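S.K.: Got a structure for you, written out below as structure tokens; questions coming shortly.
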Amino acid sequence: MLIKRESIRRRRNDGLTMVEILIVIAIIALLAALLFPALNRAKKYSRIVPCIANLRQLSVAWHEYLNDNDGQMPADIANMVAVNPTVKKVLVCPEDTTKYGNEPEFHSLGFKESYYYIPNYPGFRTAMGAVDPDYGIFVCYVHGKRVNHGSPDPEPSLDWIGLVLRLRRDGSVQHAHVGMYCSQEPGGTTNVAGRQEWASFTDAAPCQGEMCLGFPYSCNLYAP
């Protein structure tokens, strides 16, 4: 009888109590809460890496164009592709799940493209170079967030806010953040209009006058 009681007592001592089980579950939950954000950040960055590789290859092609044209920048993507057709292979961001992030050029040029090249507006590049010699030449918006800014006829290229991967003239890839901007309406009212091209390609200084291209006001509602 004593042996049997001792055996029952030993089995009870060997098992986990409910309190101990709850402590183990709590520890596992705490570790999961600590690890999941880090894993999510790593997963998000892993989706950015191929895009950065594309941008670096575009930097090589861009500098080759400059070397072959006495330092003259290509006016647009079509100029680069005409000289080096292989550029088309790196113009699509692997994360781009839209009808290609740069829809206007996709339709006008006839080939797939996710990236935006520095605009060739009169004086735009000169003004930007005066405040930021290594201003961006290519940007990718599709790692950010797409929003509807309320326009009855929205231009897809203006719908992205948040993270922007910016390839700069020196070959570096910068992580920038761009929000929505507002346009000045008759009578002094403002209207949410879209991204500011100036802010997309540099954050060295605020845009000046006509270089703001109609979007001089930041909209806090859409701040990245």
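S.K.: Just to check your reading of the model, which residue among K88, K99, K43, K112 is surrounded by 12 or more Cβ atoms within 10 Å (Cβ to Cβ), among the charged types (D, E, K, R) and modelled with pLDDT under 85?
M.R.: Residue meeting the stated conditions: K112.
S.K.: Restricting to the range 50-81, and then to whatever is within 17 Å of P119 (Cα to Cα) and of a type in the set (V, I, T), can you tell me which residue is surrounded by the fewest Cβ atoms within 10 Å (Cβ to Cβ)?
M.R.: Result: V81.
S.K.: Condition (residue is modelled with pLDDT under 75, closer than 21 Å to P74 by Cβ, out of contact with any Leu (no Cβ under 9 Å at 6 or more places or on another chain) and of a type in the set (G, A, S)) applied to the range 139-162: is it met by at least one residue?
M.R.: yes
S.K.: Which numbered condition in (1) at pLDDT 80 or above; (2) farther than 30 Å from E113 by Cβ is the only one that A33 fails?
M.R.: If we test A33 against (1) at pLDDT 80 or above; (2) farther than 30 Å from E113 by Cβ, just (1) comes out false.
S.K.: For residues in the range 59-84 being in contact (Cβ under 8 Å) with a residue 40 or more places away in the chain and farther than 21 Å from Q174 by Cβ, which is farthest from the chain's Cα centre (by Cα)?
M.R.: Checked the range 59-84; the qualifying residue farthest from the chain's Cα centre (by Cα) is A75.
S.K.: List the residue pairs whose Cβ atoms are under 7 Å apart, where the first residue sits in the range 114-138 and is free of Cβ contacts under 8 Å to residues at least 40 places away in the same chain, the second is part of a loop (DSSP other than H, G, I, E, B) and exposed (fewer than 13 other Cβ atoms within 10 Å of the Cβ), and the two are 6 or more positions apart or on different chains.
M.R.: Partner pairs satisfying both residue conditions: D134/D170.
S.K.: Going residue by residue through the range 5-14, is there one that turns out to be modelled with pLDDT of 90 or more and surrounded by 10 or more Cβ atoms within 10 Å (Cβ to Cβ)?
M.R.: Within the range 5-14 (the criterion being modelled with pLDDT of 90 or more and surrounded by 10 or more Cβ atoms within 10 Å (Cβ to Cβ)), the answer is no, since none of the residues qualifies.
S.K.: Which pairs turn up if I take residues in the range 92-110 that are part of a helix (DSSP H, G or I) and look for partners that are at pLDDT 75 or above with beta carbon separation below 7 Å, at least 6 apart in sequence or on another chain?
M.R.: Correct list of pairs: E105/I77; E105/E113; F106/K112; F106/E113; L109/I77; L109/A78.
The values are calculated or read from the model by the stated rules, or taken from the named source; none is laboratory data. All of these numbers come straight from a predicted model, not from anything done at the bench. Quick reminder, even Gly has a Cβ in these numbers, built from the backbone with ideal geometry, and neighbours come from all protein chains shown.
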